[in-house]
Amino acid sequence: MLALPAMLLVQGMLFSQAGAADASPGAFSPGGQTYRAMPASDCLAGKVGEKITLSFTLDPPQLPQGVFLSVNMKMRNAPVTSGKNSKPDVLTGFPETRMVFHFPGIYRYTVIVSMMAKSSCGGVTADTIFKGAVDIQVSPPDPR
């Protein structure tokens with residue numbers, strides 16, 4: 001039986017950290033260019049049931065060919081709720097991530113933006129170009 005790294009290599013799914021030893025944290029350098037992503041704000045506000053948008057910028061703004069971005073959000077703090085629809089609806093994307101919350105309160109997320117490059121040889125290089133906290137204040141909906 002093959003060891004796990006060998007199996008991943010055989011299946012063409014081997015991930016490697018790009019420049020983990022020589023690049024500064026939050027920087028990725030395909031083609032020698034260093035990239036960084038930043039949210040437009042680390043504090044957002046909105047109301048229950050309304051779309052709240054987390055926007056990002058990329059520096060430099062033009063992605064090289066064959067490179068794409070991925071946004072992951074990990075909830076760190078949220079109001080205590082239970083029942084159906086207790087978790088917000090989150091549609092991650094770059095340059096915008098959209099969220100709809102079902103309960104008022106203060107939410108805190110760790111946001112991770114990764115840059116990935118897939119070579120023609122089947123390998124993938126990836127690195128984190130942003131990792132930080134975003135707080136979201138969600139107010140009750142307006143009375144009808």
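With K and R counted +1 and D and E -1, the other residues having a Cβ less than 15 Å from that of residue 67 yield a net charge of 0. Taking the DSSP beta bridges with both ends in the range 35-139, the antiparallel portion is around 90 percent. Label positions at residue 120 and residue 90, each projected 7 Å from the Cα along the C-beta direction, are separated by 3.8 nm.
Neighbours of residue 100, meaning other residues whose beta-carbon lies under 13 angstrom from its beta-carbon, give a summed charge of +2 when Lys and Arg score +1 and Asp and Glu score -1.
Placing a label point 7 Å from the Cα of residue 68 along the Cα-to-Cβ direction, the residues of the range 113-131 whose backbone N falls under 11 Å of that point are 116-118. When 91, 63, 69, 54 are sorted by how many other C-beta atoms sit within 10 angstrom of their C-beta, beginning with the fewest, the order is 91, 63, 69, 54.
A short reminder: the numbers here are calculations on the coordinates, not readings from a lab. Everything numeric here is computed off the predicted structure, so don't read it as measured data. All Cβ positions, glycine included, derive from the backbone under ideal geometry; neighbour counts span all protein chains shown.
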